[in-house]
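Okay, so here's the structure we're looking at.
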Amino acid sequence: MNAQRICMLAVLTGTVVPTLADSDIEWRQQARVGKVAVMANPLGKGSRTAFYEARGFTADAIRPYAESCGFSFGMQNGGTRTLTTRLADWHALGTDGRRIALRSPEAWDAAWEKAGVPQPARIAFRWAQFQSQNVFAPGDWIMGMATLEAAPVGPFRLVARYSDEKGSHEIVLDRLDCAHD
């Protein structure tokens, strides 16, 4: 994650981040392909509601997002090649075999705009999300929240795709489950 995004996220969340390293976060799920890693933690309704109410959302406005199956995701490029990832290429697979897409931050933002959510709250939302498209230079990492279009039959598998100059690759996180709070 670039320094500008870390600083902006820290400002928006009121967090002091003297140094933030991959080792500072305890990830419940993680998988690697070579030196590229994807990590995930389920996020409950209460924590997401409180987080976004503190940033200008009403409880009613944030309810659909908070009630969806959501995660904090991290991705790190520990390799020597630049890579790209798009959330549109990621999906969940439930135990019933159903494929479920991730809902883009832009889709949520369109709903917030239609609902009249104030611009500062919508900006805070965008900065806290795992971005729809990312380019990772060697050593870069990012973290952010994302939701699925629907709750899969769990435990489920998340397939995270990325590409580099050698082609397309995927990292699979197994045995994920939506938070139940």
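The values are calculated or read from the model by the stated rules, or taken from the named source; none is laboratory data. The structure presented is a predicted model; accordingly, all values stated were derived computationally and were not measured. Counting neighbours? That spans all protein chains shown, and the Cβs are built from the backbone with ideal geometry, glycine included.
Only residues that are among the small types (G, A, S) and either outside any loop (DSSP other than H, G, I, E, B) or buried (at least 22 other Cβ atoms within 10 Å of the Cβ) (or both) were counted in region 50-89, giving 8.
If you check R157, R103, which single one turns out to be basic (K, R), over 20 Å from Y65 (Cα atoms) and touching a residue at least 24 places away in the same chain (Cβ under 8 Å)? Please lay out each step first, then the result.
Numbers: R103 fails: over 20 Å from Y65 (Cα atoms).
Only one candidate qualifies: R157.
For region 90-103, the set of residues classified as outside any loop (DSSP other than H, G, I, E, B), under 16 Å from the mean Cα position of the chain (by Cα) and of a type in the set (A, V, I, L, M, F, W, C) consists of A92, I100, A101, L102, listed by residue number.
Being at pLDDT 90 or above, surrounded by 14 or more Cβ atoms within 10 Å (Cβ to Cβ) and either aliphatic (A, V, I, L, M) or closer than 20 Å to L173 by Cβ (or both): is that true of A10 here? Lay out the reasoning, then the answer.
Details: at pLDDT 90 or above: no; surrounded by 14 or more Cβ atoms within 10 Å (Cβ to Cβ): yes; either aliphatic (A, V, I, L, M) or closer than 20 Å to L173 by Cβ (or both): yes.
Against the criterion (at pLDDT 90 or above, surrounded by 14 or more Cβ atoms within 10 Å (Cβ to Cβ) and either aliphatic (A, V, I, L, M) or closer than 20 Å to L173 by Cβ (or both)), A10 does not qualify.
Can you spot a residue in region 159-170 that is of a type in the set (D, E, K, R), touching a helix residue (DSSP H, G or I) at 6+ places or on another chain (Cβ under 8 Å) and over 25 Å from T49 (Cβ atoms)? For region 159-170, residues of a type in the set (D, E, K, R), touching a helix residue (DSSP H, G or I) at 6+ places or on another chain (Cβ under 8 Å) and over 25 Å from T49 (Cβ atoms): present. Among the residues of region 143-162, those identified as over 16 Å from Q29 (Cβ atoms) and modelled with pLDDT under 95 are A151, V153.
Which number in (1) in contact with a strand residue (DSSP E or B) (Cβ under 8 Å, 6 or more places away or on another chain); (2) surrounded by 19 or more Cβ atoms within 10 Å (Cβ to Cβ) marks the one condition that R99 misses? For R99, the failing item is (2).
Filter region 130-181 down to the residues that are of a type in the set (S, T, N, Q) and within 15 Å of the chain's Cα centre (by Cα) and list them by number. I'd like the intermediate steps shown before the answer.
At the first step, the residues of region 130-181 found to be of a type in the set (S, T, N, Q) are 131-134, 147, 163, 168.
Hits for region 130-181 are Q131, S132, Q133, N134, T147.
Provide a single number: the residues in region 111-142 that are in contact (Cβ under 8 Å) with a residue 60 or more places away in the chain and either within 20 Å of N41 (Cα to Cα) or touching a Leu at 6+ places or on another chain (Cβ under 8 Å) (or both).
9
The lone criterion from (1) in a helix (DSSP H, G or I); (2) out of contact with any Ser or Thr (no Cβ under 7 Å at 6 or more places or on another chain) left unmet by E106 is number (2).
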